[in-house]
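Undergrad: Have a look at the structure that comes next, please.
The values are calculated or read from the model by the stated rules, or taken from the named source; none is laboratory data. On a predicted model such as this, the values are computed, not experimentally measured, just so you know. Heads up, the Cβs are rebuilt from the backbone with ideal geometry, glycines too, and the neighbour counts pull from every protein chain shown.
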Amino acid sequence: MTAGILLLNVQFDLDGCSSLKERRQRLGGLRQRLGRETSVALCEHPGDDPGASAWSIVIIASSQRSATELAGRIERDLESRVDAVVSGISREWL
């Protein structure tokens, strides 16, 4: 069995967001939820535009199938539970 390591690159548009503090508040719940997943690590890319954010999310699982399933759950969560528009998601196997 081959382990699956999957990188998700996610871009968010935060319409009406006027400060970096507000951006952190709007995306903070997502960071906390993903932080509870033992097989997930995330990094927010620095940027000065409060109306946009980019994240890299690494998923490590026992198989590619498990990693794909977890990525799907994360993507659905992003689309439905974040106070932002997901403007792009890409997947890359590592």
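Undergrad: Taking Asn9 and the conditions (1) modelled with pLDDT under 95; (2) surrounded by 11 or more Cβ atoms within 10 Å (Cβ to Cβ), which numbered condition does it fall short on, given that it satisfies the others?
TA: (1) is the only condition that Asn9 fails.
Undergrad: Sort through Ser53, Ser39 and tell me the only one that's of a type in the set (Ser, Thr, Tyr) and touching a Lys or Arg at 6+ places or on another chain (Cβ under 8 Å). Lay out the reasoning, then the answer.
TA: Numbers: Ser39 fails: touching a Lys or Arg at 6+ places or on another chain (Cβ under 8 Å).
Going through Ser53, Ser39 in turn, the sole match is Ser53.
Undergrad: Hey, another quick one. Which ones in the stretch 54-82 are of a type outside the set (Lys, Arg), surrounded by fewer than 17 Cβ atoms within 10 Å (Cβ to Cβ) and either touching a Gly at 6+ places or on another chain (Cβ under 9 Å) or over 20 Å from Ser39 (Cα atoms) (or both)? Steps first, please.
TA: Quick first cut of the stretch 54-82, residues of a type outside the set (Lys, Arg) only: 54-64, 66-72, 74-75, 77-80, 82.
Remaining after also requiring surrounded by fewer than 17 Cβ atoms within 10 Å (Cβ to Cβ): 54, 56, 58, 60, 62-64, 68-69, 72, 75, 77, 79-80.
Hits for the stretch 54-82 are Ala54, Ile60, Ser62, Ser63, Gln64, Thr68, Glu79, Ser80.
Undergrad: Now, a different point. Which ones in the stretch 40-53 are of a type in the set (Gly, Ala, Ser) and surrounded by 15 or more Cβ atoms within 10 Å (Cβ to Cβ)?
TA: Going residue by residue through the stretch 40-53, those that are of a type in the set (Gly, Ala, Ser) are 41, 47, 51-53.
Hits for the stretch 40-53 are Gly51, Ala52, Ser53.
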